[in-house]
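Novice: Dropping the structure in here first, questions after.
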Amino acid sequence: MPAKYMIHTKPVPHRNKPLARSGVIAWEEGCLKCAVCVKTQCVYDVYKKRGLDCRQMMDSIDNLCMNCLRCVQNCPRELIHKSLNPEYREMGDIHWAPDIIASLWYQAETGKIPVSGAGYPGPFSGPGFDSMWTDMSEIVRPTRDGIHGREYISAAVDLGKTPSHLSFNDAGELAGDISLVIDIPLPILMRVPSFGATGEETIRGWLMAAKHLGTMLALPQKMISPSFDNVGQWLIPLVLPEEFDSDNIPRDARLIEVAWSENWQEVVKDIKEACPSGLISVRIPMEAGMEEKAVSLIENGIFIVHLEGSRNGRFFDDDNRYLKSGILSVHLKLVEANLRDEVTLLVSGGIAMAEHVAKAMICGADAVMVDFPCQIALECRMCRRCTEGLSCPVEIERAPSSWVAARVVNLFGAWHNQLLEVMGAMGIRDARRLRGETGRSMFFEDLERSTFTSLGKVEEGYELE
Ligand code: SF4
Ligand code: SF4
């Protein structure tokens, strides 16, 4: 029996001081010069340790403060305040929100599950995956503990054409072609983000992380460097039909991805000639007509379909439709066409948190491709300066590959543990069973409909009093 899959993590410090959520503002004007100033009573010695980071032009106080608010409450003239840091508040956008970015930094630094304190302070419904809850009714069973190993919970999934049953020959050996499947120990593949101040060293670090985790990194073909030695099987070349270069495909690549185009079949034929043993995935954009494209791909011999949403987890042609409904729609179409069980549906676009992985799978994905979190793990602030040719405030391109790899391993270690927690609480012991398991989840739209649709209606034979 293979060894249990565990992702071992260890603290990997930031290279730069992260933007703190809140800042200390201490006014001098009106100070009474008390014999014992509240600043000297800070149990963390924040005011004593205070300094200026000359490189980042940053006051260290905001990162040192532990938010106990003692100094704020005890200053007799109320000269000390804590307020939200405007630079922090401006980070990212509506989807890549500051709190999500900070949480990803924390997970990459510590490898631990983020804990936000007692109780849940946020809204109970919102757009996209936020309007979906998992049924955690098995959470009371103490033996269902995937992290500490009292019960084995597998996060492994298969990519490719999974046979509906196994066949054996007369000698008792497995018959049929099992080379059509790749199994990976967690349902997460990595992908190079669409922008970022990344360099060859960064990609080398991501490849090291992919190898360590047993997953793969999808990389545009033009970014594949001859210096990436012995990593073909951890690399997914992303082929653009108009830029296909048969010489730049690692011969040991296990999976090759092609972007959808009208002539995708010709490109796939060329790829199969260049790399006969590799599986092929075709990427289709999440937009009107994607269900028909998915069915036609499968009917024409493609067994891995990659459904790509926008960077913000929405449809490309409709900003009001989210990844959740796109995955459900394609999954159910494949079920209806009786094609679902033998094929793999990969999903990407806006996957920002561990819970998105579980929810995407519940909606019908077999696995997800994650891009920006791999970069945010390297302290990216989603400022987009790199898209304008400006310097990166955290100099990602200068980060050594070993640091890059360790940060990404920590991030996915924390995500893996969260996935085990969710599956354990749902009573599911195998990630393959999570796929399409909508019966173990609740959708806000359904609950709202069932609760309120009948309100105000009067059934025949009854009268309102
Ligand atoms: S809020 Fe607490 S930790 Fe922060 S500076 Fe004041 S006393 Fe120190
Ligand atoms: S921090 Fe800003 S400049 Fe650097 S990679 Fe991220 S988005 Fe680009």
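The values are calculated or read from the model by the stated rules, or taken from the named source; none is laboratory data. These numbers come from a predicted model, not from an experiment. Cβ: placed from backbone, ideal geometry, glycine included. Neighbour counts: every protein chain shown. The accessibility values were calculated without ligands, DNA or RNA, using every heavy atom of the protein model including side chains. Shrake-Rupley method; radii C 1.70, N 1.55, O 1.52, S 1.80 Å.
Novice: One residue is enough: does the stretch 108-115 have a residue meeting the conditions away from ligand 1 (no atom under 16 Å from the Cβ) and of a type in the set (Lys, Arg)?
Specialist: Within the stretch 108-115, one or more residues are away from ligand 1 (no atom under 16 Å from the Cβ) and of a type in the set (Lys, Arg).
Novice: Further, regarding this structure: Can you list the helices (runs of 4 or more DSSP H) lying wholly within the stretch 398-465 that have 1 or more residues being exposed (fewer than 12 other Cβ atoms within 10 Å of the Cβ)?
Specialist: Numbers: elements: 401-426, 431-434, 444-452.
So the answer is 444-452.
Novice: What's the number of the only condition in (1) farther than 11 Å from Ala197 by Cα; (2) within 16 Å of ligand 2 (Cβ to nearest atom) that Val394 fails to meet?
Specialist: Here Val394 meets the rest and fails (1).
Novice: Among the listed residues Met58, Met66, Met91, which satisfies the condition of being without any contact (Cβ under 8 Å) to a residue 24 or more places away in the chain, within 34 Å of the chain's Cα centre (by Cα) and closer than 30 Å to Phe372 by Cβ? Can you show your working first?
Specialist: On the way: Met58 fails: without any contact (Cβ under 8 Å) to a residue 24 or more places away in the chain; Met91 fails: without any contact (Cβ under 8 Å) to a residue 24 or more places away in the chain.
Only one candidate passes the filter, namely Met66.
Novice: Right, something else. Exactly one condition in (1) under 30 Å from Glu151 (Cβ atoms); (2) modelled with pLDDT of 90 or more is false for Met6; which is it?
Specialist: (2)
Novice: Taking the criterion of being within 22 Å of the chain's Cα centre (by Cα), more than 30 Å from Val335 (Cα to Cα) and polar (S, T, N, Q), would at least one residue in the stretch 232-244 satisfy it?
Specialist: Taking every residue of the stretch 232-244 in turn, at least one turns out to be within 22 Å of the chain's Cα centre (by Cα), more than 30 Å from Val335 (Cα to Cα) and polar (S, T, N, Q).
Novice: In addition: Does the stretch 351-379 hold any residues that are part of a helix (DSSP H, G or I) and within 26 Å of Phe444 (Cβ to Cβ), and which are they?
Specialist: Within the stretch 351-379, the first condition is being part of a helix (DSSP H, G or I), and the residues that meet it are 354-363, 372-376.
Residues satisfying the conditions are Ala354, Glu355, His356, Val357, Ala358, Lys359, Ala360, Met361, Ile362, Cys363, Phe372, Pro373.
Novice: While we're here: Do you know which residues across the stretch 22-61 are out of contact with any helix residue (DSSP H, G or I) (no Cβ under 8 Å at 6 or more places or on another chain), away from ligand 2 (no atom under 16 Å from the Cβ) and open to solvent by less than 40 Å² (accessible area, probe 1.4 Å)?
Specialist: Within the stretch 22-61, Gly30, Gly51, Asp53 qualify.
Novice: Here are the criteria: (1) modelled with pLDDT under 95; (2) away from ligand 2 (no atom under 16 Å from the Cβ); (3) among the hydroxyl-bearing types (Ser, Thr, Tyr); (4) under 30 Å from the mean Cα position of the chain (by Cα). Tell me which single one Tyr106 does not satisfy.
Specialist: Only one criterion is unmet by Tyr106, namely (1).
Novice: Search the stretch 63-72 for residues being open to solvent by less than 100 Å² (accessible area, probe 1.4 Å) and near ligand 1 (Cβ under 9 Å from one of its atoms), and hand back the single one that is nearest to Cys392 (Cα to Cα).
Specialist: Our first condition is that a residue be open to solvent by less than 100 Å² (accessible area, probe 1.4 Å); within the stretch 63-72, this holds for 63-65, 67-72.
Those still in the list that are near ligand 1 (Cβ under 9 Å from one of its atoms) too: 64-65, 67-72.
Working: Leu64: 24, Cys65: 26, Asn67: 29, Cys68: 33, Leu69: 33, Arg70: 36, Cys71: 35, Val72: 35 Å.
Ranking the qualifying residues of the stretch 63-72, first place goes to Leu64.
Novice: On to the next question. Among the candidates Pro241, Pro220, Pro276, Pro285, which residue alone is touching an Asp or Glu at 6+ places or on another chain (Cβ under 6 Å) and open to solvent by 20 Å² or more (accessible area, probe 1.4 Å)? Spell out how you get there, then give the answer.
Specialist: Details: Pro241 fails: touching an Asp or Glu at 6+ places or on another chain (Cβ under 6 Å); Pro220 fails: touching an Asp or Glu at 6+ places or on another chain (Cβ under 6 Å); Pro276 fails: touching an Asp or Glu at 6+ places or on another chain (Cβ under 6 Å).
On inspection, the qualifying residue turns out to be Pro285.
Novice: Let me ask you something else. Quickly run through the stretch 73-88 and pick out the residues that are touching a helix residue (DSSP H, G or I) at 6+ places or on another chain (Cβ under 6 Å) and either of a type in the set (A, V, I, L, M, F, W, C) or open to solvent by 20 Å² or more (accessible area, probe 1.4 Å) (or both). Walk me through it before giving the result.
Specialist: Going through the stretch 73-88, the residues touching a helix residue (DSSP H, G or I) at 6+ places or on another chain (Cβ under 6 Å) turn out to be 74-75, 80, 82, 88.
Listed by number, the residues that qualify are Asn74, Cys75, Ile80, Lys82.
Novice: Among the residues of the stretch 215-272, which ones are within 30 Å of Met6 (Cα to Cα) and among the basic types (Lys, Arg)? Break it down stepwise before answering.
Specialist: Looking only at the stretch 215-272, we keep the residues that are within 30 Å of Met6 (Cα to Cα), and these are 215-220, 224, 227-238, 250-257.
Selection gives Arg251, Arg254.
Novice: Check whether at least one residue in the stretch 17-35 is touching a Lys or Arg at 6+ places or on another chain (Cβ under 7 Å), at pLDDT 90 or above and within 11 Å of ligand 1 (Cβ to nearest atom), and report yes or no.
Specialist: For the stretch 17-35, residues touching a Lys or Arg at 6+ places or on another chain (Cβ under 7 Å), at pLDDT 90 or above and within 11 Å of ligand 1 (Cβ to nearest atom): absent.
Novice: Please find, among Asp366, Asp341, Asp371, the residue that is away from ligand 1 (no atom under 16 Å from the Cβ) and at pLDDT below 95. Step through it out loud before you land on a result.
Specialist: Numbers: Asp366 fails: at pLDDT below 95; Asp371 fails: at pLDDT below 95.
Of Asp366, Asp341, Asp371, the one residue that is away from ligand 1 (no atom under 16 Å from the Cβ) and at pLDDT below 95 is Asp341.
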